[in-house]
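The structure under discussion appears below in the form of structure tokens.
The values are calculated or read from the model by the stated rules, or taken from the named source; none is laboratory data. Everything numeric here is computed off the predicted structure, so don't read it as measured data. Note that we place each Cβ from the backbone using ideal geometry, even for glycine, and neighbour counts take in every protein chain shown.
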Amino acid sequence: MTRGLAVSADAIFQRCIHPTCGGTAAMDDTSFACPKCGGLLDVAYDWNRLQPPTSLTWFERKWAERSDPLHFSGVWRFRELLPFAPPEKIMTIGEGQTILQKADIVGQFVGLNPGCLFLQYEGMNPSGSFKDNGMTAAFTHARMVGANRAACASTGNTSASLAVYCSATGLMRAVIFIGSGKISYGKLAQALDHGALTVQIAGDFDDAMQRVQQVSKKLGIYLVNSVNPYRLEGQKTIMYRILEAMRWEVPDWIVVPGGNLGNVSSFGKAFIELMELGLIKRPPRLAVINAAGANTFYQLYERFGLRWNNGAPKKDVVDGYFRSLDVEKIRAATIASAIEINHPVNLNKALRALDRCGGVVREASDQEILDAKAKVGAGGLGCEPASAASVAGAKKLRREGIIAPSDRVVCILTGHQLKDPTATIAYHSTDQKTFDDVLGHRGVRRATYANRAVQVPNELDDIIKAIELYS
Ligand SMILES: *Cc1c(COP(=O)(O)O)cnc(C)c1O
Ligand SMILES: [Zn+2]
């Protein structure tokens, strides 16, 4: 039952993702940058000494023991595959109780055969987004190293998640950095209501991200952004739960919206490790969907041909691209605020994930994102705009023939519908001004699948007539 947990510390460490660098850091190091080259770090395991399970079905037995919070958590019941924390240090609030839903109505919209589209609904997490999968892991690591303050920059969901973990456990003070005017009300409401110290700086997410790294270094505050490799360990479990829901069969495609590219990076690591451990025979293909207004990854991967290149992605291509963004003063701009990011911190890890998992990148316009979001809502599960990029992207890949009609496709719905009611209301609004104010300037021309309220005088006859007419 405690396989893989009673281990000596050096079977677990942090390792530079670039194979030729060879930089390492101790498990409890919190600088989250390679000491040799400054690059990204992985949490690395010496699996030979950790004895992970030899079959994935082994995990099923834990459900019978779900009165144990570590077996109830959709993250920690897979802890033998992220074995960095001793059980008594694990901080869980019941995250990861999420569902994989077969979604034929949305599947038809995407262009897939019945039974082929699945939506992994991560909005069911305690704070309403997938971020809780990672936060429980980062928070646990923070506790292992004795931190009492944790910070993040956020487009909203990371901060909401951190605020929930801090308030629910009372163990840490949350310090969150947000850009001005860029955060949806649902998410800001969470940060404030859960008592996080909320620092709103005059700038956008990319600015806030730079500042939080400087500040947390200066003040020794534990950083929970997705440069933190422990967070990504928790997010691997989204893939384990999908496999579990598919009776341990690997789907053909995982489609995920891309912002800071932490999620796709963790998915890639999950599959690389499952292959290494001989627990699966092949990985699924990965598709990352950018918003067209924040499409750095799409540009670099599909237009400039940037690749992992055995751990040495062409730095001049990346630098040149960011220089051109600066010169042309291009800032990220999309209704999908959770992915409104032009400097993705996990770029190189994402390249590795796509290299190992036959990846592709696409972009979706705000029009396509909102139309897909309306279809997702009409199909049963609601989501916030960024999440719907996955469905819009799957539709595009289907149309291009890259996804076949018979492929089994899982789109990740990263965040809950109620995170951003403003966008939803504007889309369905009967009032042109509301539509224009929120969406018009973003190039959204029509609400293709709007479900508008019917306006009637307060007269019984008129109300009855309207219902008969429209139902
Ligand atoms: C954070 C977030 C994303 C982006 O995920 P990355 O790991 O940063 O690429 C997408 N959707 C939602 C709802 C999010 O909160
Ligand atoms: Zn390095």
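So residue 96 passes all but one of these: (1) touching a Gly at 6+ places or on another chain (Cβ under 7 Å); (2) farther than 15 Å from residue 270 by Cβ; (3) small (Gly, Ala, Ser). Which condition number does it fail?
Just one mismatch for residue 96, condition (2).
Please go through the stretch 176-189 and give me each residue that is in a loop (DSSP other than H, G, I, E, B) and either in contact with a Lys or Arg (Cβ under 9 Å, 6 or more places away or on another chain) or farther than 30 Å from residue 426 by Cα (or both), ordered by number.
Within the stretch 176-189, 184 is the sole residue that qualifies.
So that you can scan it fast, the table gives a plain yes or no per residue for (1) in a helix (DSSP H, G or I); (2) under 22 Å from residue 390 (Cβ atoms):
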position	(1), (2)
158	yes, yes
167	yes, no
174	no, no
191	yes, no
198	no, no
213	yes, no
240	yes, yes
251	no, yes
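List the residue pairs whose Cβ atoms are under 6 Å apart, where the first residue sits in the stretch 64-81 and is of a type outside the set (D, E, K, R), the second is at pLDDT below 95 and not in a helix (DSSP H, G or I), and the two are 6 or more positions apart or on different chains.
These pairs meet every condition: 72/66.
Suppose we keep only residues that are aromatic (Phe, Trp, Tyr) and touching an Asp or Glu at 6+ places or on another chain (Cβ under 8 Å) within the stretch 176-235. Which one would you say is surrounded by the most Cβ atoms within 10 Å (Cβ to Cβ)?
If we take residues in the stretch 176-235 being aromatic (Phe, Trp, Tyr) and touching an Asp or Glu at 6+ places or on another chain (Cβ under 8 Å), then 205 is surrounded by the most Cβ atoms within 10 Å (Cβ to Cβ).
Checking the conditions here, which among 275, 239 is aliphatic (A, V, I, L, M), under 18 Å from residue 411 (Cβ atoms), at pLDDT 95 or above and within 23 Å of the chain's Cα centre (by Cα)?
239
Would a scan of the stretch 379-387 turn up a residue that is within 21 Å of residue 294 (Cβ to Cβ) and more than 16 Å from the chain's Cα centre (by Cα)?
No, the stretch 379-387 contains no residue that is within 21 Å of residue 294 (Cβ to Cβ) and more than 16 Å from the chain's Cα centre (by Cα).
Would you check which residues across the stretch 242-268 are within 8 Å of ligand 1 (Cβ to nearest atom) and among the aliphatic types (A, V, I, L, M) and list them?
256, 261, 264, listed by residue number.
Got a number for residues in the stretch 326-352 being farther than 28 Å from residue 187 by Cα and away from ligand 2 (no atom under 16 Å from the Cβ)?
Counting residues in the stretch 326-352 that are farther than 28 Å from residue 187 by Cα and away from ligand 2 (no atom under 16 Å from the Cβ) gives 3.
Does any residue in the stretch 234-262 that is at positive phi come within less than 8 Å, Cβ to Cβ, of a residue that is within 14 Å of ligand 1 (Cβ to nearest atom) and not hydroxyl-bearing (Ser, Thr, Tyr) six or more places away or on a different chain, and which pairs are these?
261/288; 261/297; 261/344; 261/345; 261/346; 261/347; 261/349; 261/350
Filter the helices (runs of 4 or more DSSP H) completely within the stretch 1-114 down to those with at least 3 residues that are away from ligand 2 (no atom under 16 Å from the Cβ) and closer than 23 Å to residue 249 by Cα.
104-110
Please identify the pairs in which a residue from the stretch 31-56 that is at positive phi has its Cβ atom under 7 Å from the Cβ atom of a residue that is of a type in the set (A, V, I, L, M, F, W, C) and within 16 Å of ligand 1 (Cβ to nearest atom), counting only partners at least 6 apart or on another chain.
Note: pairs meeting the criteria are 32/223; 32/227.
Identify the single condition in (1) without any contact (Cβ under 8 Å) to a residue 60 or more places away in the chain; (2) closer than 19 Å to residue 390 by Cα; (3) not acidic (Asp, Glu) that residue 330 does not satisfy, given that it satisfies every other one.
(2)
Answer yes or no as to whether residue 324 is in contact with a Gly (Cβ under 7 Å, 6 or more places away or on another chain) and among the polar types (S, T, N, Q).
no
Does residue 377 qualify as being touching a residue at least 24 places away in the same chain (Cβ under 8 Å) and either in contact with a strand residue (DSSP E or B) (Cβ under 7 Å, 6 or more places away or on another chain) or of a type in the set (Asp, Glu) (or both)?
no
For every residue, the table says whether it meets (1) assigned to a loop (DSSP other than H, G, I, E, B); (2) in contact (Cβ under 8 Å) with a residue 40 or more places away in the chain.
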position: 316; (1), (2): no, no
position: 321; (1), (2): no, no
position: 335; (1), (2): yes, yes
position: 341; (1), (2): yes, yes
position: 350; (1), (2): no, yes
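Mind checking whether some residue in the stretch 285-303 is free of Cβ contacts under 8 Å to residues at least 40 places away in the same chain, within 16 Å of ligand 2 (Cβ to nearest atom), surrounded by fewer than 22 Cβ atoms within 10 Å (Cβ to Cβ) and at negative phi?
No, that holds for no residue.
Residue under question is residue 44, and the condition is that it be modelled with pLDDT of 95 or more, surrounded by fewer than 22 Cβ atoms within 10 Å (Cβ to Cβ) and more than 16 Å from residue 236 (Cα to Cα); does it hold?
no
Got a sec? Which helices (runs of 4 or more DSSP H) wholly within the stretch 366-471 have at least 1 residues that are modelled with pLDDT under 95 and out of contact with any His (no Cβ under 9 Å at 6 or more places or on another chain)?
421-428, 432-438, 460-470
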